[in-house]
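Input: a single structure, listed below in structure tokens.
The values are calculated or read from the model by the stated rules, or taken from the named source; none is laboratory data. Predicted, not measured: the structure shown is a model, and the values here were computed from it. Because the Cβ atoms are built from the backbone with ideal geometry, glycine has one as well, and the counts that use them run over all protein chains shown.
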Amino acid sequence: MSQFRIPGKGRVDHAKTVRFAFDNREYTGLRGDTVASALLAHGVHLMGRSFKYHRPRGPVTADSAEPNALIGTSRGPGRFEPNTRATVQELREGLICESQNRLGALSFDFGAVNDALYPLFPAGFYYKTFMWPRSFWDKLYEPVIRRAAGLGRAPSEVDPDTYASRYLHADLLVVGAGPSGLMAALEAARAGVRVTLVDENAEMGGALLSDPGVEIDGRPAWDWLDATLAELASLGVRLMTRTTAIGYYHQNMIGLCQKLTDHLDEIADNAPRERMWRVRATRVVLAQGALEKPLVFHGNDRPGVMLAGAAQTYLHRYGVKVGTRAVIVTSHDSAYHAAFDLAAAGTRIVAIVETRAAPPETLRAEARVRGIELLAGHTVTGTRGRLRVASVTVNPVQGGRVGEPRMIHCDCLLMSGGWTPSLHLFSHTKGSLQWDAESNTFLPGRMTENCHIAGAGRGLWGFEAALTDGAKAGADAARALGNEAKAAPLSVAHDRPGTGESHRELPTDRRSSRVRAFIDFQNDVTAKDIRLAVREGMRSIEHVKRYTTNGMATDQGKMSNINGLMIAADAVGKAPPEVGLTTFRPPYTPTTFGAFAGYHRGATFEVTRRTPIDPWAEANGAVFEPVSLWRRAWYFPKGGEDMEAAVARECRATRASVGIFDASTLGKIEVAGPDAVEFMNRMYTNPWTKLAPGRCRYGVLLGEDGYIRDDGVIGRLSDELFHVTTTTGGAPRVLNMMEDYLQTEWPDLDVWLTSTTEQWATVALNGPNARKVLEGLVEGVDLSAEAMPHMSVAECRVAGFPARLFRLSFTGELGFEINVPARHGLALWEALMEAGRPHDITPYGTETMHVLRAEKGFIIVGQDTDGTVAPEDAGLGWAIGKKKPDFVGKRSLARPDLVAPGRKQLVGLLTEDGGVKLEEGAQIVLDPDQPLPMKMVGHVTSSYHSATLGRSIAMALIEGGHDMEGRDVYLPMPDGTHRARITSTAFYDPDGSRLKL
Amino acid sequence: MLLIHCPYCDETLPELEFAYAGEAHIARPEDPSTMSDEEWRDFLFIRSNPKGPHFERWRHVHGCARFFNAVRDTVSDRFLLTYKAGEPRPDLASLEAAQ
Ligand SMILES: [Zn+2]
């Protein structure tokens, strides 16, 4: 047992040792320890190096506000986590951890050269860096400084853990299980309220865990705590430890992150590591307590310098003395109690350095009784010690003058600059803050949510005040929920109330250029940086924050915000409330990506939509591609073919005989009702009145701005029924748009809209032999060219299934699309494959579909259009019903911008060398020899190798392109400039003779 | 995540079930062809973007699928009222007085 662990003391289990390793050295701790408390029990304070200057650092807190003691933890492959707070990570058997941000050994860090060069890194360093010559960026900043600054290394392996996600509804959620939170939960639960009580720590009790001498209702604090937790459990309160309220969102939704396995020696298979709770609470009590502020003086970041409250926690919760010779420096009464408790445990308190001239007489007397030297009206002007504080320099202050220094030897320096309410969650709600001039701090003001704040979180101090206020908040919440409640009175003995003063930098006799007094320990921001930022013109606290990075580290400024504000306000010459506080944002403490992602990872990241024919494609070796949420067969390689070879074969087979394609993903909407044709006339550009039942038409849908939104073939099945198809990705948008107009602009139209995308399986047959394949399977319709010409639709039976049979073509070949109820899709496909065998029927995927349509110049909305393309631009002027009085987007076709010359228009593009396939997205210029930057006149939208034509083809949007047919344009690419000629987009069978079979 | 009251379902439900649909009470002109370029531009693109109460449309897309109107304060993100499409624009002063 080391000299720093007090046998039998604390809430750790002295009978159970736990082995762990830190920086490759084996240590033992006790069950119940954190990494920090276990290392401190071995006298180890040095736990890391600072972000920017690589200064040696040790823990300054005993909780989640810790800025310094950040470590990497590991429990095997994929289970490495950087930037974990050593003050929070519970010890587990075999835990492996390492210090961070060091180059070399922790005790001798080559990166500490940054510290010697600190005049080079003033406030705004990163902004100023951008102004320096480029050579600085390339030679010094990127390779040297950036590598030397930073936090832990990111894990490189896939995280094998699972993360869970749950919803919870609660009448009352209490955040924080210290004295206030416990009483709030207790009073509300006694009144019959359904309560959830959460705390980020491994056990509940908050400050009571660090102050066992207090007596509540005649019982020692820890006995009272046990009894209270037992009563809460018996009342059915949901008690959740290791659970951090990370964010407070609208209408009392609170995000909770619950840690489930990081403290366990062994993890059960499939046990989730963390669980994210989304809690909707009718009422909320915030009982988050207060955070102790450091004092700002030269050398306040040396290992061994720590908050007095943290030392008290290490003593009482963990049975650990943080040193043997302590100096206290404080502006608040609370540090005296830490000093007295440590003295009782055997730490020698060399002196209490009190910044106030006249601390309370009771505390003076108690110090005197214990023989502790009290230096009232003093300041600290420096510390010494290479890797651990060895001495502290103190000076008297009189009338603002700093007197003669005195050096005091010590191995720890415990500071307290007073306490600031934890306002983070309250700030998430956009509640207003009120400046309290007496305590020099912000307090919660106007509420925006159904929320109560209790205890130290609203500036109260002392156990009786906190317990009573919590009880009142619980009773208030219960009454707000309609329950009768009355807070029972409490009696507290040995309470430790107190007050204090706030400071900016402590007075010093050092030249200001030689003072390094840290405010934000994690981001290495000093008081001087804040003042420099103000001198350089930053006036808003938000600008000071960004310029200095104060409060921007992962601790969200828990320790630094108020000190930074006090100093900035002084530098600006305004009162702190006029300068204001920066915004706290969720999450309260760093939260894993896993917890946010929950179940949404890997195969369950997103829904994968599959067609009824998908199993056949998979069994037959299809390569798939994602198209919106669908997975679609991309191509069907045979015998080791690559994509290019497979697509060329599929294209040739379709044009020569017959190809079969799964088109089930096409969006389908039924437009039905007496006013269906009027509705279609108003929605689509085309005229529909004269389209006879049994016929279909290519429809174009515009936005009201005149740009193409969607397209598709639309069949009229009867006077009052249209079968609309949309693009695969556009179906929900189109239905939303149709519903919008129907519900809100034309509610008088008697029309019903129904999504039928997933009700129909759709198989496309294309090629000169398509009819021969289909003929034998069709009942109830004559397939001849006379009876069923191009652009027809009929209801019939195919392969015995009820079907909607379209004759249409997206390939330029004789084509049919057969829709059958989805459950018959696979059987239809197989019947067609069988019937097509004599014609060597060839299944093809989306890539071949793309090539075949491009050979015909058919556009794909979203590929050849981009939301700024009007029908004329895309060569679809013929699809506009010019005689119709109105349709969505019609007025916009006459907008000045849409009739102006020089619009980008869709054209064909043939490269000079047919072996060159242009890159989609490649930029086009008219003169390749013009000086940089060149004038770009358009870009390639589609580009393929066409096996049919034996060369590459492309489509492009080019300014004024329709008037430029035959002209050459240029495409400068990294491997050289390509020349291409503007052509028509109809590369193959421009007369459409192949459709007339 | 907001809770939103659907005036058709008469239920208050999580925001996940709803989709925002732009500013409310901008009716499509009866006869767009009679509108000047400036009038048509204003109809297409010009929106009020207020700091404070905003009349806007939502759709209960994963529920009854109806479009409805709402008044939401863009500062506090709080809904003052939701009401059915076609109902008149509510009086703001009486709404704020009721809050
Ligand atoms: Zn609804």
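Of all residues in the range B:43-62, those that are within 16 Å of the ligand (Cβ to nearest atom) and of a type in the set (A, V, I, L, M, F, W, C) total 2. Could we say that A:Gly767 is buried (at least 24 other Cβ atoms within 10 Å of the Cβ), away from every other protein chain (no Cβ under 14 Å) and at positive phi here? So A:Gly767 passes the test. Residues in the range A:523-573 that are of a type in the set (Val, Ile, Thr), outside any helix (DSSP H, G or I) and surrounded by fewer than 24 Cβ atoms within 10 Å (Cβ to Cβ): A:Thr549, A:Thr554.
The residues of the range B:75-99 that are under 12 Å from the mean Cα position of the chain (by Cα) and more than 23 Å from A:Asn736 (Cα to Cα), listed by number, are B:Phe79, B:Leu80, B:Leu81, B:Pro88, B:Arg89, B:Pro90. For the range B:68-81, the tally of residues that are closer than 19 Å to A:Pro747 by Cα and either within 10 Å of the ligand (Cβ to nearest atom) or surrounded by fewer than 18 Cβ atoms within 10 Å (Cβ to Cβ) (or both) stands at 1. Scanning the range A:576-596 for residues that are under 16 Å from A:Glu542 (Cα atoms) and either under 31 Å from the mean Cα position of the chain (by Cα) or surrounded by fewer than 20 Cβ atoms within 10 Å (Cβ to Cβ) (or both) yields A:Pro577, A:Glu578, A:Val579, A:Gly580, A:Leu581, A:Thr582, A:Thr583, A:Phe584, A:Arg585. The one condition from (1) under 14 Å from B:Leu2 (Cα atoms); (2) within 12 Å of another protein chain (Cβ to nearest Cβ); (3) under 12 Å from the mean Cα position of the chain (by Cα) that B:Arg57 does not meet is (1).
Here's the yes/no breakdown for (1) assigned to a helix (DSSP H, G or I); (2) within 23 Å of A:Ile860 (Cβ to Cβ); (3) of a type in the set (Gly, Ala, Ser):
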| residue | (1), (2), (3) |
| --- | --- |
| A:Gly921 | no, yes, yes |
| A:Met936 | no, yes, no |
| A:Ser942 | no, yes, yes |
| A:His945 | no, yes, no |
| A:Ser952 | no, yes, yes |
| A:Val969 | no, yes, no |
| A:Pro972 | no, no, no |
| A:Thr985 | no, yes, no |
| A:Asp989 | no, yes, no |
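Being at the interface with another protein chain (Cβ under 8 Å from one of its Cβ atoms) and within 12 Å of the ligand (Cβ to nearest atom), is that true of even one residue in the range B:32-42? Checked the range B:32-42: no residue is at the interface with another protein chain (Cβ under 8 Å from one of its Cβ atoms) and within 12 Å of the ligand (Cβ to nearest atom).
With respect to being part of a strand (DSSP E or B) and within 15 Å of the ligand (Cβ to nearest atom), B:Ala65 falls outside the description. Within the range A:69-90, the residues that satisfy the criterion of being farther than 24 Å from A:Val305 by Cβ and over 24 Å from the mean Cα position of the chain (by Cα) are A:Arg75, A:Gly76, A:Pro77, A:Glu90. Of all residues in the range A:31-51, those satisfying the criterion of being more than 18 Å from A:Leu414 (Cα to Cα) and surrounded by fewer than 23 Cβ atoms within 10 Å (Cβ to Cβ) are A:Arg31, A:Gly32, A:His42. Within the range A:644-699, the only residue that satisfies the criterion of being surrounded by 22 or more Cβ atoms within 10 Å (Cβ to Cβ), under 30 Å from A:Ala831 (Cα atoms) and of a type in the set (Phe, Trp, Tyr) is A:Phe661.
Quick check, is A:Ala207 farther than 30 Å from A:Asn270 by Cα, touching a residue at least 60 places away in the same chain (Cβ under 8 Å) and surrounded by 20 or more Cβ atoms within 10 Å (Cβ to Cβ)? Here the answer is yes, as A:Ala207 does meet what is asked. Across the range B:1-25, the qualifying residues are those that are under 15 Å from A:Asp740 (Cβ atoms) and within 10 Å of chain A (Cβ to nearest Cβ), and the one among them that is surrounded by the fewest Cβ atoms within 10 Å (Cβ to Cβ) is B:Gly22.
Tallying residues that are under 42 Å from the mean Cα position of the chain (by Cα), in contact (Cβ under 8 Å) with a residue 40 or more places away in the chain and either within 12 Å of chain B (Cβ to nearest Cβ) or part of a loop (DSSP other than H, G, I, E, B) (or both) within the range A:892-912 yields 5. What residue, of A:Gly76, A:Gly72, is part of a strand (DSSP E or B) and more than 30 Å from A:Glu536 (Cβ to Cβ)? Result of the check over A:Gly76, A:Gly72: A:Gly72. Filtering the range A:672-695 down to residues that are in a loop (DSSP other than H, G, I, E, B) and of a type in the set (A, V, I, L, M, F, W, C), which residue is nearest to A:Gln743 (Cα to Cα)? Per the criteria, the residue is A:Trp688. Can A:Met738 be described as within 14 Å of chain B (Cβ to nearest Cβ), of a type in the set (A, V, I, L, M) and crowded, with 18+ Cβ neighbours inside 10 Å? Yes: the conditions hold for A:Met738. Set side by side, the residues A:Leu481, A:Leu387 differ, and just one is of a type in the set (A, V, I, L, M, F, W, C) and in contact with a Pro (Cβ under 6 Å, 6 or more places away or on another chain), which is A:Leu387.
Hey, any hits in the range A:208-219 for a residue that's in contact with a strand residue (DSSP E or B) (Cβ under 9 Å, 6 or more places away or on another chain) and part of a helix (DSSP H, G or I)? The answer is yes; a qualifying residue exists.
For the range A:285-345, the strands (runs of 3 or more DSSP E) that sit wholly inside it and include 3 or more residues that are of a type outside the set (Ser, Thr, Tyr) and over 35 Å from the mean Cα position of the chain (by Cα) are A:325-330.
B:Thr34 passes every criterion in (1) modelled with pLDDT of 95 or more; (2) under 28 Å from A:Pro586 (Cβ atoms); (3) among the β-branched types (Val, Ile, Thr) apart from (2).
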